[in-house]
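S.K.: Right, I'll just put the structure down here and ask away after.
Throughout, read-outs are computed from the coordinates displayed, never taken from laboratory work. Nothing here was measured: the structure is a model prediction, and the numbers come from that model. Backbone-built Cβ (ideal geometry, glycine too); neighbour counts: all protein chains shown.
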Amino acid sequence: MALNRELDDIVRKTCDVDAKQKQVAQSRNKFLPRERIDRVCDPGTPFLEIGQLAGYDSKGENVPSGNVVAGIGVIGGRQCMIVANNYTYKGGAYYPITVKKHLRA
């Protein structure tokens with residue numbers, strides 16, 4: 001049980017967007033990466049995110065989800081691989097883990 005809670009905390013930390021960055025995005029009428037994915041996927045269909053822990057404790061720095069959100073979703077009734085860059089963390093900078101995740105997607 002303790003490990004499950006610890007893992008949940010880690011996933012939450014790696015997936016959360018900084019409140020300040022979220023406010024800036026909303027003031028500019030921009031959508032966050034997961035919001036963009038929700039809008040492009042068919043309503044009511046699941047999205048299976050992959051690599052949520054990519055970039056966790058990477059060289060002493062936590063790069064949230066490798067600075068890119070990737071997964072499998074349904075668009076127009078077809079399963080598709082979807083990739084959305086995370087511009088909220090250091091302006092969407094690419095890290096080695098970002099490139100690895102992009103290539104694997």
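S.K.: With a sphere of radius 12 Å drawn around the Cβ of Ala70, what net charge do the other residues whose Cβ falls strictly inside it have (Lys, Arg +1; Asp, Glu -1)?
M.R.: +3
S.K.: Taking a cut-off of 16 Å between Cα atoms, list the aspartates and glutamates near Lys13, but don't count ones fewer than 8 places away on the same chain.
M.R.: The qualifying aspartates and glutamates are Glu49, Asp57, Glu61.
S.K.: So how many Lys-Lys pairs in segment 17-105 land under 25 Å Cα to Cα, not counting same-chain pairs under 8 apart?
M.R.: 13
S.K.: So what is the 222 nm mean residue ellipticity for the chain from helices alone, if each DSSP H run of at least 4 adds -39500 (n - 2.57) and you divide by all residues, rounding to the nearest 500 deg cm²/dmol?
M.R.: Mean residue ellipticity at 222 nm (helix-derived): -11000 deg cm²/dmol.
S.K.: To continue, here is another question. In nm, to one decimal, how far is the modelled label at Arg28 from the one at Arg12, with both set 7 Å along Cα→Cβ?
M.R.: Placing both labels 7 Å along Cα→Cβ, they lie 2.8 nm apart.
S.K.: Which of these values of P(r) over Cα pairs in 10 Å bins from 0, in percent was calculated from the structure shown: (1) 15, 43, 35, 7, 0; (2) 14, 47, 31, 7, 0; (3) 14, 49, 34, 3?
M.R.: Correct label is (1).
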